[in-house]
1. Among (1) open to solvent by 70 Å² or more (accessible area, probe 1.4 Å); (2) modelled with pLDDT under 85, there is one condition Ala69 misses while meeting the rest; what is its number?
2. Inside the range 19-40, can you point out the residues that are at pLDDT below 90 and either more than 27 Å from Leu137 (Cα to Cα) or surrounded by fewer than 22 Cβ atoms within 10 Å (Cβ to Cβ) (or both)?
3. Only one of (1) more than 18 Å from Leu29 (Cα to Cα); (2) modelled with pLDDT of 85 or more fails for Ala148. Which number is that?
4. Kindly evaluate Leu56 against the criterion of being open to solvent by 30 Å² or more (accessible area, probe 1.4 Å), under 15 Å from Glu140 (Cβ atoms) and at pLDDT 90 or above.
5. What number goes with the only condition from (1) in contact (Cβ under 8 Å) with a residue 60 or more places away in the chain; (2) open to solvent by 60 Å² or more (accessible area, probe 1.4 Å); (3) of a type in the set (S, T, N, Q) that Ser136 does not pass?
6. Tally up the residues in the range 80-105 that are assigned to a helix (DSSP H, G or I) and either open to solvent by 50 Å² or more (accessible area, probe 1.4 Å) or closer than 16 Å to Ala69 by Cα (or both), please.
7. Considering the range 97-119 alone, what residues qualify as being at pLDDT below 85 and farther than 18 Å from Ala132 by Cβ?
8. Check the range 116-129 and report whether any residue there is among the hydrophobic types (A, V, I, L, M, F, W, C), part of a loop (DSSP other than H, G, I, E, B) and open to solvent by 60 Å² or more (accessible area, probe 1.4 Å).
Amino acid sequence: MDLIDVLCGLGVAAGLVGVLVPVLPGSALVWLAVLAWAFAQGGAGAWGAFVAVTVLLGAGAVVKYVVPARRLDAAGVPRSTLLVGGLAGVVGFFVVPLLGLPLGFVAGVHVAEMRRVGSRAARFSTRHALAAAGLSLLVELSAALLAAGTWLVAALAL
């Protein structure tokens, strides 16, 4: 491993942290680090690894939105509730750095559902929205870890 491998590895690691911490664009950092590595390494093996990483992260991005949305539709939670939760999460992000995003999301979903269905039923909807958000995070983290593993195998092999 040379310096470019180490630097790209740090970029991939920062991307993995970014999946969990909403300050950094996690999957995008992983993708950009592997792209930089492929440019620096050159050759069919490096570009093949980059294509594999792109497919993994692209599939993860699609699944990240499709599967939780279907589960929320099945539970009867409207998309407007998620929109309110997302907006409250953005506001919370600026009010309470790092923890404000998830706290704002939960509070926004709960308030929107309390207005829509009442306080007792809002607990059910909020729980499903939180489970969907957790599933989305898990899918993105899994795709990013698979991409990181793919890059690592290629970096060690080349």
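The values are calculated or read from the model by the stated rules, or taken from the named source; none is laboratory data. Remember, it's a predicted structure, so these values are computed and weren't measured experimentally. Backbone-built Cβ (ideal geometry, glycine too); neighbour counts: all protein chains shown. What goes into the accessible areas is simple: the full protein's heavy atoms, side chains included, and nothing from ligands, DNA or RNA. Shrake-Rupley method; radii C 1.70, N 1.55, O 1.52, S 1.80 Å.
1. So the condition that Ala69 fails would be (1).
2. Narrowing the range 19-40 to residues at pLDDT below 90: 19-26.
Across the range 19-40, the qualifying residues are Leu20, Val21, Pro22, Val23, Leu24, Pro25.
3. Condition (1) is where Ala148 drops out.
4. Values: open to solvent by 30 Å² or more (accessible area, probe 1.4 Å): yes; under 15 Å from Glu140 (Cβ atoms): yes; at pLDDT 90 or above: yes.
Judged against the criteria, Leu56 is a match.
5. Checking Ser136 against (1) in contact (Cβ under 8 Å) with a residue 60 or more places away in the chain; (2) open to solvent by 60 Å² or more (accessible area, probe 1.4 Å); (3) of a type in the set (S, T, N, Q), the one that fails is (2).
6. Within the range 80-105, the first condition is being assigned to a helix (DSSP H, G or I), and the residues that meet it are 80-95, 100-105.
When the remaining residues are screened for being either open to solvent by 50 Å² or more (accessible area, probe 1.4 Å) or closer than 16 Å to Ala69 by Cα (or both), the result is 80-87, 90-91, 93-95, 101-103, 105.
Counting residues in the range 80-105 that are assigned to a helix (DSSP H, G or I) and either open to solvent by 50 Å² or more (accessible area, probe 1.4 Å) or closer than 16 Å to Ala69 by Cα (or both) gives 17.
7. Correct list: Pro97, Leu98, Leu99, Gly100, Gly118, Ser119.
8. Residues of the range 116-129 among the hydrophobic types (A, V, I, L, M, F, W, C): 117, 121-122, 124, 129.
Narrowing further to those that are part of a loop (DSSP other than H, G, I, E, B): none.
No: the range 116-129 contains no residue that is among the hydrophobic types (A, V, I, L, M, F, W, C), part of a loop (DSSP other than H, G, I, E, B) and open to solvent by 60 Å² or more (accessible area, probe 1.4 Å).
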